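Before any comments, here is the structure.
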Amino acid sequence: MKIAVLIQCHKNAKQINLLLNKLNHPDIDCYLHIDKKAYFEEQIVHRKNVFVLPEEKRVSVEWAKISQVDATINLLLASTSGGGV
């Protein structure tokens, strides 16, 4: 059974990479939404089971605003398309 882990992040690439390393398993796919205001995508570990949403799917997220829902929907759509982000 495949598991999709959806992660919204906005800072601390080192911590995100630690999490991705712990989740590194053939049955786990990790989908990342990096806040549009953040600029650390190149620091994220790249593997065949790690999918970073492209720039056009990234949202400038504000706490307790609809933008959090928008980012989540983009992650869900990416995960249901089988990694085609």
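The values are calculated or read from the model by the stated rules, or taken from the named source; none is laboratory data. Please read all numbers here as calculations on a predicted model, not as lab measurements. Cβ atoms come from the backbone with ideal geometry, glycine included; neighbour counts cover every protein chain shown.
Counting only residues that are loosely packed, with under 12 Cβ neighbours inside 10 Å and β-branched (V, I, T), the stretch 13-46 holds 0 of them. Selection of the stretch 19-51 for residues being outside any helix (DSSP H, G or I), more than 16 Å from L75 (Cα to Cα), over 11 Å from the mean Cα position of the chain (by Cα) and of a type outside the set (D, E, K, R) yields L23, N24, H25, P26, A38, Y39, F40, V45, H46.
Yes/no matrix, rows are residues, columns are (1) under 29 Å from M1 (Cβ atoms); (2) in contact with an Asp or Glu (Cβ under 9 Å, 6 or more places away or on another chain):
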residue	(1), (2)
H33	yes, no
K37	no, no
R47	yes, no
K57	yes, no
A71	yes, yes
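Contact annotation: residue pairs with Cβ atoms under 6 Å, 6 or more positions apart or on different chains, pairing a residue in the stretch 61-85 that is outside any loop (DSSP other than H, G, I, E, B) and of a type in the set (A, V, I, L, M, F, W, C) with a partner that is modelled with pLDDT under 95 and surrounded by 11 or more Cβ atoms within 10 Å (Cβ to Cβ), are A78/V85.
Pairs meeting the criteria (first residue in the stretch 1-28 and within 15 Å of I44 (Cβ to Cβ), second residue of a type in the set (K, R) and in a loop (DSSP other than H, G, I, E, B), beta carbons under 9 Å, at least 6 apart or on different chains) are H10/K37; L20/R47; N24/R47.
Taking the numbered list (1) at positive phi; (2) touching a strand residue (DSSP E or B) at 6+ places or on another chain (Cβ under 8 Å) in turn, N12 passes all entries but (2). Across the stretch 33-40, a minimum of one residue is classified as free of Cβ contacts under 8 Å to residues at least 40 places away in the same chain, among the small types (G, A, S) and touching a Lys or Arg at 6+ places or on another chain (Cβ under 7 Å).
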